[in-house]
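Notes for the one structure printed next.
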Amino acid sequence: MKLYCLSNDPNKPCHVLTFKEITLMLDCGLSMQSVLRFLPLSFVPLNRLQNLPNWMPADSSEPDIEGELKENCDRIFVDSPPEFCPPLDKLIDFSQVDVILISNYMCMMALPFITEGTGFEGRIYATEPTLQIGRLLLEEVVVYIEQCPKANFATQWKNLLHKLPYPLSDSFKPKSWKQIYNMANVNASLSRIQMVGYNEKIDVYGALKVIPASSGYCLGSSNWVITSDHEKIVYLSGSSTLTTHPRPMDHNALKNADVLIMTDLTQTPISNPDSMLGVLCVVVGLTLRGGGNVLIPCYPTGVIYDLFECLSIKMSELGVSNCPMFFVSPVADMSLAYSNILAEWLSSVKQNKVYLPDEPFPHAMLVKNSRLKFCKHIYSEGFSTDFQEPCIVFCGHPSLRFGDAVQFIEMWGNNPRNCIIFTEPDFDYIEALAPYQPLQMKVAHCAIDTSLNFTQANKLIKDLKPTTLVVPECYTQPPTTAQNLTELVIENSPDRTLIPYKWGEVINLPLKRKQGQLFIENNIAQNLKPVEVKPGVNLSTITGNLNVKDNVHNVEEITERQMQCNVKYEFGNVNITDFLQKLAKEGVTDAKVESSGSGVMIHLQHEDALIQIDDNSTHILCSNESLRVKLRLILMQCIKKF
């Protein structure tokens, strides 16, 4: 079994697991840290951004870079549409991926990069909320960027990283960054997804069973249990043991795994979500009572539902309930609607409200009472009529590089009575605000991350008792922001094997097939005559046709005609020299032999065929069926028989 790490961000994971000749992709998260290197996009031209001075390296002999970089308050930004860092495509051919398992809607933002234009023909599994809410997140990003087109694309700066100041010089493989996909690619990739329910057993080509189990992180979020006849692998991503609106985490399904792959732990290890929520409510109350406005850049789903509930209660207590809340997003209406109809994916408390009947979330009542108003954009019809200050505005994007948040910062940024509150942990708020400096409005950092912290994760691991634990290497050492807190790591233990990994690595996991399941027809089974060769061990010869289809092995009775033939049993390794000589006799003279790990690969270039020969298996990859059969017959002639 091998594990490939394709993402440089453990909170936007993308892994590939190869086992029993099946290639599984575990999540397809998209790192958006790269967008912080770019200037914000605005659908209304902002003179301040347009008038920023150009920046050139000290060695000004690079005319091609002129106009690509702008300077603001000693920080350098790329003046171009933002680019994203997709999962690494050098380690694995995406067309060879058989199945993609998606844990939650935050871990599918790279899906169009993987499925479209790559030859991918596999299956994709996700729960209904993951599909429907993931669609909203993908659509929102595409709309935000496409509504602010730029004529020029900056590329030359990527060739001069060594001459650029920090943080541009620290950009992570910028030549692999990509422009955002379009809605056609989004719709095509999402149409491939097959919806599944919690604890539903899904057959993967007869070789494996995969089961989604509730992870408690967000609506429809899952941990995945992957089993064969004798092995169990658990993929744990984006999980929470806190009591919020999603269905609670299912622990029992994850116990006693041979391999536990754990990722996507909290991004705020030294902060408590409850205390951050309390601080947020206090800051909002003080700002509103002082006549200021509150801007909360956020995603259009997730913790925002809890913020609506908590803030509405706190505002009533503080006597500022007359201040409206605005939710501005291209998908705001769909987000609010979906959250109220996905009852089966909610906690029992929220579910019970549905059957009263009552809305599971209070934001439905807030909308009816006009305390919460939503629209697609700030230029949408009716927004200017409803808009009043002071107020709270929830809008995207948390990176502050595109979306309606750009306009609100420009509108409110020069008033110290206003406040911007960061609740999403995905982006460094200082980096996010850099192109807007100098800024007069107050700034509060109240990042709320309900994912497992290290204490919870270590406790969970002890309860689950895996044989082997696989985690990102960064989880085995304290965070860079708190080097002295040595408890903020995943603990090692003599009870299990701990294997760390990092971006771009291929890890061999200590799980090898020792046993397999074989089905024998009744007539053959009745004629078996086992002989005890040592205490507890019996052997018997068996004669029949071995039929393998979708990884199901059946021994079938041989026909009378076959009985009359002299049955031969093959064993041993393929004689490569003999095989090449026989190919030459058949006119195949362009065979190219390469060693590959435990075997060899033989490429027949003219015939467009590939033969993989390992210690325990042989594969003939050829689209021409008659040629494939011919190659098989030649191959069988090069194996010893008795």
Original post:
Of all residues in segment 402-414, which are open to solvent by 50 Å² or more (accessible area, probe 1.4 Å) and touching a residue at least 12 places away in the same chain (Cβ under 8 Å)?
Top reply: Glu410, Asn414
**OP:** Return the total of residues in segment 449-460 being of a type in the set (Val, Ile, Thr) and either buried (at least 22 other Cβ atoms within 10 Å of the Cβ) or at pLDDT 95 or above (or both).
**Re:** 1
Subject >> Residues satisfying the stated conditions in segment 213-245, i.e. within 15 Å of the chain's Cα centre (by Cα) and of a type outside the set (Gly, Ala, Ser) >> reply: Tyr217, Cys218, Asn223, Trp224, Tyr235, Leu236
**OP:** For segment 139-173, name all the residues that are surrounded by 15 or more Cβ atoms within 10 Å (Cβ to Cβ) and under 20 Å from Asn54 (Cα atoms).
**Re:** Ala154, Thr155, Trp157, Lys158, Leu160, Lys163, Leu164, Pro167, Leu168, Ser171
**OP:** Kindly check whether there is at least one residue in segment 233-248 that is on the phi < 0 side of the Ramachandran plot, in contact with an Asp or Glu (Cβ under 7 Å, 6 or more places away or on another chain), at pLDDT 90 or above and not in a helix (DSSP H, G or I).
**Re:** yes
**OP:** Please go through segment 195-212 and pick out each residue that is modelled with pLDDT under 95 and within 28 Å of Ile448 (Cα to Cα).
**Re:** Gly197, Tyr198
Subject >> Residues satisfying the stated conditions in segment 297-339, i.e. open to solvent by 30 Å² or more (accessible area, probe 1.4 Å), free of Cβ contacts under 8 Å to residues at least 60 places away in the same chain and hydrophobic (A, V, I, L, M, F, W, C) >> reply: Cys310, Ile313, Leu318, Ala337
Subject >> Flag for Leu277 being open to solvent by 50 Å² or more (accessible area, probe 1.4 Å), modelled with pLDDT under 95, not basic (Lys, Arg) and not in a loop (DSSP other than H, G, I, E, B) >> reply: no
**OP:** Tally the residues that are in a loop (DSSP other than H, G, I, E, B) and surrounded by 14 or more Cβ atoms within 10 Å (Cβ to Cβ), restricting the search to segment 183-213.
**Re:** 5
Original post:
What number of residues within segment 48-78 satisfy the criterion of being assigned to a loop (DSSP other than H, G, I, E, B), of a type in the set (Asp, Glu), open to solvent by 40 Å² or more (accessible area, probe 1.4 Å) and touching a residue at least 24 places away in the same chain (Cβ under 8 Å)?
Top reply: 2
Original post:
Checking Glu505 against (1) modelled with pLDDT of 85 or more; (2) over 30 Å from Leu260 (Cβ atoms), which single condition isn't satisfied?
Top reply: (2)
Original post:
Looking at Ile524, Ile507, Ile490, which one is in a helix (DSSP H, G or I), touching a residue at least 12 places away in the same chain (Cβ under 8 Å) and open to solvent by less than 30 Å² (accessible area, probe 1.4 Å)?
Top reply: Ile524
Original post:
Val99 versus (1) aliphatic (A, V, I, L, M); (2) loosely packed, with under 14 Cβ neighbours inside 10 Å; (3) touching a strand residue (DSSP E or B) at 6+ places or on another chain (Cβ under 6 Å): which is the lone unmet condition?
Top reply: (2)
**OP:** Looking only at segment 280-292, decide whether some residue is surrounded by fewer than 19 Cβ atoms within 10 Å (Cβ to Cβ) and closer than 16 Å to Ser451 by Cα.
**Re:** no
Subject >> Unmet requirement for Val533, which otherwise passes all of (1) part of a loop (DSSP other than H, G, I, E, B); (2) at pLDDT below 85 >> reply: (1)
Subject >> Candidates Leu433, Leu439, Leu452 - the one that is within 30 Å of Lys70 (Cα to Cα), in a loop (DSSP other than H, G, I, E, B) and of a type in the set (A, V, I, L, M) >> reply: Leu439
Subject >> Of residues in segment 590-608 being under 19 Å from Glu21 (Cα atoms) and modelled with pLDDT of 85 or more, the one surrounded by the most Cβ atoms within 10 Å (Cβ to Cβ) >> reply: Ile602
Subject >> Test for Gly117: is it under 25 Å from Phe172 (Cβ atoms) and either at pLDDT below 90 or not aromatic (Phe, Trp, Tyr) (or both) >> reply: yes
**OP:** Those residues that are part of a loop (DSSP other than H, G, I, E, B), within 20 Å of Pro63 (Cβ to Cβ) and polar (S, T, N, Q), I need them from segment 152-182; list them, please.
**Re:** Asn152, Thr155
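The values are calculated or read from the model by the stated rules, or taken from the named source; none is laboratory data. Fair warning: this is a prediction, and the values are worked out from it, not measured in the lab. Heads up, the Cβs are rebuilt from the backbone with ideal geometry, glycines too, and the neighbour counts pull from every protein chain shown. Ligands, DNA and RNA are excluded from the accessible area calculation, which covers all protein heavy atoms including side chains. Shrake-Rupley method; radii C 1.70, N 1.55, O 1.52, S 1.80 Å.
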